[in-house]
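Only one structure is covered here, and it is reproduced in the block below.
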Amino acid sequence: MTGQTTFAEPSPSALLLLGRGADLASERGVECPGDLPAPSDPALTERARAAKEALGDRVFVLGHHYQRDEVIAFADVTGDSFKLAREAAARPEAEFIVFCGVHFMAESADILTSDAQQVVLPDLAAGCSMADMAAIDQVEEAWAVLDDAGVADRTVPVTYMNSSAAIKAFTGRHGGTVCTSSNAQVALRWAFEQAGGVDGDGKVLFLPDQHLGRNTAVLQLGIPLEQCVVFDPRRPDGGLTAQQLADARMILWKGHCSVHGRFSAQNVADVRERVPGVNVIVHPECKHEVVTAADHVGSTEHIIRALEAAPAGSAWAIGTELNLVRRLAAQHPDKQVHYLDSTVCFCSTMNRIDLPHLVWTLESLVEGRVPNRIVVDADDAHWARVALDQMLALPGI
């Protein structure tokens, strides 16, 4: 663990485990670790507590919902990525923002916080396979393809929050916006209005998760499924003809979440057979056939609220990251909580942030060293902020 400042650009070398053993034709983008290592040395808990106490208000620790329990225990606030970045920006007195999440989340925090605040990622290899599926050079080339096909002038880009700062900046430069899984419907409706209306011939280029884009467009906006095409950056012209691009309303980037992409319609059928009366709730990053087979679909925060509101004795099968599912099961012992997949699988990169990395980070800060600082290029930060501000200006946000 060596201290360094990293300028935030997609870098495969920074994501040490991503794609190892991957089948690019499937949704199983990374190896499944099966289970987490044994808990950390109990002495580390005391060291983390002492270092955090010594730093006081100078440090603010953010913990994403998918983090390990041993890390969440030291988070000042937990939530999804955008909520956490905004929480950091709302605490200007915190000199150090320790983001226990993944790389793109720390970038968003750097964009939204002040120049006086320094954002730290405890492990630089904590990346996101989905975000890394859309590199800026690929997206620039894709836009050139749309331009050659004569459709770029009526296409508005929308990028999911789970994307690099460079992709958010691209979206800002081209008059688009950012969305979360909670506000994707509002963002897409706005984008279509900019392109001539939902019922017109305008288009949306949706990055980088094809499933969230497809599920939102088809199930919430009524876009026909056949008008959703997938742009594959590994194929010439994205694997699409000019006519296909002309006929499409949603141009979906070929990307996915390596955890949510594991769930299948068969998983849904199996749990219904095993658990009579079960409520199946899944994240909208799941495949279309999984979402349509489920009883409920919603963001991580939506899933948490659904479990909180559920009556005692009810049974739930949850299609999202396993750390959160286990935490929800522990928090709601009066309910049956099941993991939707038949295979135990954590997000391998989220779980790179462990207690040893957190202790090293906090103790380094106590000693006056700032390790693994995340700094977004100034121009990218400006245009990404333009796209983020556009999202915040959307109706109902």
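The values are calculated or read from the model by the stated rules, or taken from the named source; none is laboratory data. Since the structure is predicted, the reported quantities are computational estimates derived from the model, not experimental observations. Glycine also receives a Cβ, built like all others from the backbone with ideal geometry; neighbour counts cover every protein chain displayed.
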Item checked: Filter result for the condition that a residue is outside any helix (DSSP H, G or I), buried (at least 19 other Cβ atoms within 10 Å of the Cβ) and of a type outside the set (S, T, N, Q), over Ala134, Ala187, Ala142 -> Ala134
Check: Which numbered condition trips up Ala90, out of (1) free of Cβ contacts under 8 Å to residues at least 24 places away in the same chain; (2) closer than 30 Å to Gly200 by Cα?
Finding: (2)
Next item on the list: Kindly establish whether Ile281 is in a strand (DSSP E or B) and closer than 22 Å to His211 by Cα.
Entry: yes
Item checked: Qualifying positions in region 232-267 - surrounded by fewer than 22 Cβ atoms within 10 Å (Cβ to Cβ) and of a type in the set (Gly, Ala, Ser) -> Gly239, Ala242, Ala246, Ser264, Ala265
Check: Being hydrophobic (A, V, I, L, M, F, W, C), in a helix (DSSP H, G or I), surrounded by fewer than 15 Cβ atoms within 10 Å (Cβ to Cβ) and on the phi < 0 side of the Ramachandran plot, is that true of even one residue in region 368-388?
Finding: yes
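Can we say Thr292 is surrounded by fewer than 24 Cβ atoms within 10 Å (Cβ to Cβ), of a type in the set (Ser, Thr, Tyr) and assigned to a helix (DSSP H, G or I)? Lay out the reasoning, then the answer.
On the way: surrounded by fewer than 24 Cβ atoms within 10 Å (Cβ to Cβ): yes; of a type in the set (Ser, Thr, Tyr): yes; assigned to a helix (DSSP H, G or I): yes.
Here the answer is yes, as Thr292 does meet what is asked.
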Check: Among strands (runs of 3 or more DSSP E) lying entirely in region 1-95, which contain 3 or more residues that are in contact with a Cys (Cβ under 9 Å, 6 or more places away or on another chain), at pLDDT below 50 and within 30 Å of Ile136 (Cα to Cα)?
Finding: none
Next item on the list: Confirm whether Gln227 is within 18 Å of Val156 (Cβ to Cβ) and free of Cβ contacts under 8 Å to residues at least 24 places away in the same chain.
Entry: yes
Item checked: Leu121 being touching a residue at least 40 places away in the same chain (Cβ under 8 Å), surrounded by fewer than 24 Cβ atoms within 10 Å (Cβ to Cβ), in the same structural domain as Ala75 (by TED's automatic domain parsing) and of a type in the set (A, V, I, L, M) -> no
Check: Of all residues in region 308-331, which are surrounded by 12 or more Cβ atoms within 10 Å (Cβ to Cβ) and within 21 Å of Val71 (Cβ to Cβ)?
Finding: Ile318, Thr320, Glu321, Leu322, Asn323, Leu324, Val325, Arg326, Arg327, Leu328, Ala329, Gln331
Checklist line | Residue within region 330-338 that is farther than 19 Å from Asp295 by Cβ, in contact with a Cys (Cβ under 7 Å, 6 or more places away or on another chain) and either outside any loop (DSSP other than H, G, I, E, B) or in contact (Cβ under 8 Å) with a residue 24 or more places away in the chain (or both) present | finding: no
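For every residue, the table says whether it meets (1) surrounded by fewer than 18 Cβ atoms within 10 Å (Cβ to Cβ); (2) among the hydrophobic types (A, V, I, L, M, F, W, C); (3) closer than 30 Å to Ala135 by Cβ.
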site: Glu46; (1), (2), (3): yes, no, no
site: Ala54; (1), (2), (3): yes, yes, no
site: Val59; (1), (2), (3): no, yes, no
site: Gly79; (1), (2), (3): no, no, yes
site: Leu84; (1), (2), (3): no, yes, yes
site: Glu87; (1), (2), (3): no, no, yes
site: Ile97; (1), (2), (3): no, yes, yes
site: Gly101; (1), (2), (3): no, no, yes
Check: How many residues, within region 67-88, are within 19 Å of Leu55 (Cβ to Cβ) and in contact with a Ser or Thr (Cβ under 7 Å, 6 or more places away or on another chain)?
Finding: 3
Note to self: Condition first: in contact with a Lys or Arg (Cβ under 6 Å, 6 or more places away or on another chain) and modelled with pLDDT under 95. Can you find one or more residues in region 271-290 that meet it?
What the structure shows: no
Check: Which residues, counting only those in region 104-126, are closer than 17 Å to Val59 by Cα, out of contact with any strand residue (DSSP E or B) (no Cβ under 7 Å at 6 or more places or on another chain) and outside any loop (DSSP other than H, G, I, E, B)?
Finding: Leu112
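Hand me the list of helices (runs of 4 or more DSSP H) wholly inside region 204-275 holding 3 or more residues that are more than 17 Å from Gly319 (Cβ to Cβ) and within 24 Å of the chain's Cα centre (by Cα).
210-221
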Notebook entry, point to check: Does region 146-159 contain at least one residue that is within 15 Å of the chain's Cα centre (by Cα) and among the charged types (D, E, K, R)?
Noted result: no
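Could you list, in sequence order, all residues of region 148-168 that are among the small types (Gly, Ala, Ser), in a helix (DSSP H, G or I) and either closer than 24 Å to Ile374 by Cα or in the same structural domain as Ile374 (by TED's automatic domain parsing) (or both)?
Within region 148-168, Ala165, Ala166 qualify.
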Notebook entry, point to check: Do you know which residues across region 169-182 are assigned to a loop (DSSP other than H, G, I, E, B) and either basic (Lys, Arg) or at pLDDT 95 or above (or both)?
Noted result: His174, Gly175, Gly176
Next item on the list: Please go through region 212-231 and pick out each residue that is in contact with a Cys (Cβ under 8 Å, 6 or more places away or on another chain) and surrounded by fewer than 24 Cβ atoms within 10 Å (Cβ to Cβ).
Entry: Arg214, Val218
